[in-house]
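Read-outs: derived from the displayed coordinates by stated rules, not from any lab. Only a predicted model underlies this, so the values are computations on that prediction, with no experimental measurement involved. Here Cβ is always computed from backbone atoms with ideal geometry, including for glycine, and neighbour counts include all displayed protein chains.
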Amino acid sequence: MDHKNMENHDHHMDSNHKQMSNMSKEDMSNMDMSSMDHGSMPMGHMNHGDMKKRLIICILLMIPILLLTPMMGMKSSVLHLPYQEIIVLIFGTIIFFYGGKPFFEGAKSELKNKKPEMMTLVTLGISVSYLYSVYSTIINMTGGHQMDFWWELSTLIVIMLLGHIIEMNAIMQANSSMTEMVKLLPHEAHLTSGKDIPINQVKVGDFLLVKENERVPADGVITSDKAMLDESMITGESSVVQKKKGQEVFAGSLNKNYPFELKVTVVGKDSYLSQVAKLVEEAQGKKSKAETMADKVSGWLFYAALIFAILALIVWSAINGLSYGIMMAVTVLVIACPHALGLAIPLVVSRTSTLAAKNGLLIQNREPLENVSKLKFALMDKTGTLTDGDFKVHDYMTFSKEFSQKDIAQIMAALEEGSTHPLAQALVEAVSDNSLKANNIENIPGVGIEGNISGKEYKIVNEKYLKENGINYNKIDNEDNLTVSYLISGNEVIGLATLGDKLKPQAAKLIKELKNRGIEPVMLTGDNEKAAQKVASELGINDFRAQLKPEDKAKIVKEYQEKGNVLFVGDGVNDSPALATSDLSFAIGSGTSVAIAAADVILVNSNPEDIIKMLDLSKNSNRKMKENLWWGAGYNIIAIPLAAGVLAPIGIVLSPIVGAIIMSFSTVIVAINAMTLKV
């Protein structure tokens with residue numbers, strides 16, 4: 001049934017969801033999408049379970065170290081055991097190599113990119129602490145008395161692991177786009193020879209049979225006379241499309257009416273879905289490389305600590321000898337260890353994610369939220385974002401004395417029974433109890449549908465069909481630009497139904513609030529110019545683009561990005577490249593899983609007004625991050641020069657015990673400040 005050129009992204013149907021969820025991991029892994037780069041995590045390739053295991057083991061080893069070593073310069077430990085130096089050496093070595101592994105991998109990656117940041121700063125601190133502590137332990141075991149840094153080493157590794165686990169808990173990974181693409185495909189493909197083969201064994205040149213209500217397993221060209229396909233999961237357009245012999249079809253499309261055969265032309269990484277997934281992954285990869293505030297501060301501190309340590313080594317070696325110079329340099333590098341800095345961002349991220357979830361927002365990628373103040377444009381789909389995407393019958397009219405309005409409604413509902421088109425479903429749902437049954441139902445390509453009821457032929461058609469066939473009809477006043485479906489019997493129009501989508505009640509407030517924040521709203525739609533103009537006018541949107549093809553949206557995002565940062569809101573598979581390309585993206589919670597996977601934030605309640613809540617929360621969150629970074633880095637700004645002995649000529653030198661107190665104080669303040677974050 002082809003009513004009107006309109007945009008309506010496909011929302012999950014229960015049956016489709018079940019079909020997707022039944023796919024095994026093996027099926028997914030067999031798909032030829034392996035060439036795409038998922039990017040690398042800042043902590044190497046550690047997963048959440050591995051990090052938790054490391055943290056637990058390090059905590060168990062840290063406890064005896066804290067009890068058996070003097071805390072930051074104190075003269076005596078809490079407990080005294082035989083061979084306690086050896087026990088501490090063994091436990092400290094395990095913590096250093098086992099607990100420090102994620103930081104070593106992260107530092108290696110940062111140095112490879114010639115951009116030392118948090119991981120390099122931590123690695124420098126724990127490495128110096130470990131080597132000097134091993135040296136001090138050997139000296140102490142041979143009768144000497146040398147201060148070690150086992151306390152600092154163990155606490156820093158534990159705090160940094162804890163910080164990253166908090167962050168991993170708070171942020172869901174947004175790299176599931178390709179998996180969601182794969183879920184659009186069936187398990188097996190039917191060869192025309194009658195043999196069924198796994199989807200990953202399909203080759204170019206194979207001839208496949210696609211049965212009714214099955215998804216197309218691979219890109220190809222139709223070899224049968226015709227096929228009726230629902231491409232909504234691919235294109236975002238809800239109309240059932242007729243395909244003729246020789247025309248292209250895409251993997252993931254749903255076969256509606258007739259079994260058909262196709263010849264496979266493309267498989268694996270060159271297929272349509274793979275290309276979309278590649279665009280998404282590339283865009284997400286670029287977005288994930290955005291440098292966070294914590295990375296910048298850590299980079300500055302790394303160079304500051306290194307410079308002050310070298311200066312302390314040179315100056316104090318010249319004054320008091322090499323041994324003293326080394327101790328001062330080591331003290332600088334150890335004090336630079338970012339205990340508070342390691343928790344500054346993760347605690348705010350955790351708090352932000354919790355508050356967001358309570359307000360119907362699920363954060364998948366936090367980095368873009370750090371730049372909400374730079375947003376200049378908000379590009380939004382019309383259907384499903386600004387409108388309900390839920391079409392309803394507005395009115396029925398009858399033009400025949402033989403048929404009442406109720407008769408018109410029942411006939412149209414009977415003809416549309418079984419169709420998945422949104423407009424057809426609206427006609428069916430509008431009739432609660434229908435005794436009429438239609439048979440011999442056939443789609444009229446590009447027009448509508450026809451069928452037989454009680455021996456009489458009826459058709460539901462669009463206005464274009466009436467004009468082309470010279471059928472007289474009464475034009476109606478359609479100021480609201482509703483979709484009009486005509487019911488004809490023979491060559492006579494006996495009635496019609498008007499259907500339409502309505503604005504979401506929160507849409508107007510969203511547009512107003514965006515403008516108040518200096519963000520220009522732009523509406524994107526595949527609908528016609530007239531319908532787009534009406535919605536834009538009602539909402540006060542000055543800029544809109546109509547009659548868009550699915551591939552146009554990512555291009556338009558890039559076009560606006562030349563003028564400023566872009567926010568994008570969408571809900572369909574075809575939106576996923578635009579969602580990933582934009583500077584900040586929101587997916588409607590009722591949209592497709594592929595769009596959701598590609599977005600930075602999910603609007604769980606599908607409420608556009610929640611976008612404003614997220615912008616406000618992000619603004620407050622960013623302020624808290626900056627405050628925490630000042631508290632965390634402020635300790636280092638003061639402690640590093642003092643540890644280097646800058647004020648030694650006037651008798652002020654930062655002792656290890658004072659350094660420990662200041663460090664603990666800044667860590668507590670960072671935690672309290674994060675917990676005070678509000679929407």
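In order along segment 298-309, the phi-based Karplus estimate (6.51 cos²θ - 1.76 cosθ + 1.60, θ = phi - 60°) of 3J(HN,Hα) comes to 5, x, 4, 5, 4, 5, 4, 5, 5, 5, 5, 5 Hz; Gly and Pro are listed as x.
With K and R counted +1 and D and E -1, the other residues having a Cβ less than 11 Å from that of Lys195 yield a net charge of -3. Here the convex hull built on the C-alpha positions of segment 93-139 has a volume of 56 cubic angstrom per residue. Close amide H pairs (under 5 Å, H built 1.01 Å from N) link Leu524 with Met380, Asp381, Lys382, Arg545, residues at least 5 positions away or on another chain. Highest average first, the peptides 577-583, 450-456 ordered by how many other beta carbon atoms sit within 10 Å of their residues are 577-583, 450-456.
Database remark: amide H of Tyr258 closer than 5 angstrom to the amide H of Met228 (H placed geometrically; neighbours at sequence offset of 5 or more, or on other chains; Pro and chain starts carry no H). If you filter segment 183-230 for GluC sites (Glu not before Pro), then keep DSSP loop positions with at most 15 other Cβ within 10 Å, what is left? Answer by residue number: Glu212. The label point for Ser76 and the one for Ile59, both projected 7 Å from the Cα toward the Cβ, are 3.0 nm apart. For segment 340-479, what does the alpha-carbon gyration tensor say about shape, rounded, prolate or oblate, given a ≥ b ≥ c as the root eigenvalues, a/c under 1.5 as rounded, and a/b over b/c as prolate? Prolate, because a/c is 1.5 or more and a/b exceeds b/c. Amide H contacts of Ala189 (H built 1.01 Å from N, in plane; Pro and chain starts excluded): Ile197, Ile199 sit under 5 Å, all sequence-distant by 5 or more or on other chains.
With a threshold of 23 Å on the Cα-Cα distance, the over-threshold entries among Lys374/Lys678; Lys358/Lys619; Lys53/Lys112; Lys374/Lys613; Lys504/Lys624; Lys296/Lys358 are Lys53/Lys112; Lys504/Lys624; Lys296/Lys358. Computed packing ranks the peptides 625-632, 389-396 as 625-632, 389-396, most packed first, by mean other Cβ atoms within 10 Å.
Taking a straight Cα-Cα cut-off under 19 Å and skipping sequence neighbours fewer than 8 places away in the same chain, the lysines within cross-link reach of Lys269 are Lys25, Lys183, Lys203, Lys278. Pairs exceeding 22 Å between alpha-carbon atoms, taken from Lys464/Lys502; Lys244/Lys555; Lys52/Lys101; Lys515/Lys626; Lys376/Lys509; Lys467/Lys530: Lys464/Lys502; Lys244/Lys555; Lys515/Lys626.
For the peptides 143-151, 341-349, 197-205, the ranking by mean Cβ contacts within 10 Å, running from highest to lowest, is 341-349, 143-151, 197-205. Projecting label points 7 angstrom from Cα along Cα→Cβ for Asn491 and Lys530 puts them 2.6 nm apart.
Structural descriptor for segment 426-581: relative contact order 12 percent, calculated from alpha carbon pairs under 8 angstrom and at least 6 residues apart.
Taking the Kirkwood radius as Rh and the Cα radius of gyration as Rg, segment 375-418 has a ratio of Rg/Rh equal to 1.30.
The local environment of Lys244, defined by Cβ-Cβ distances under 10 Å, has a net charge of +2 under the rule Lys, Arg +1 and Asp, Glu -1.
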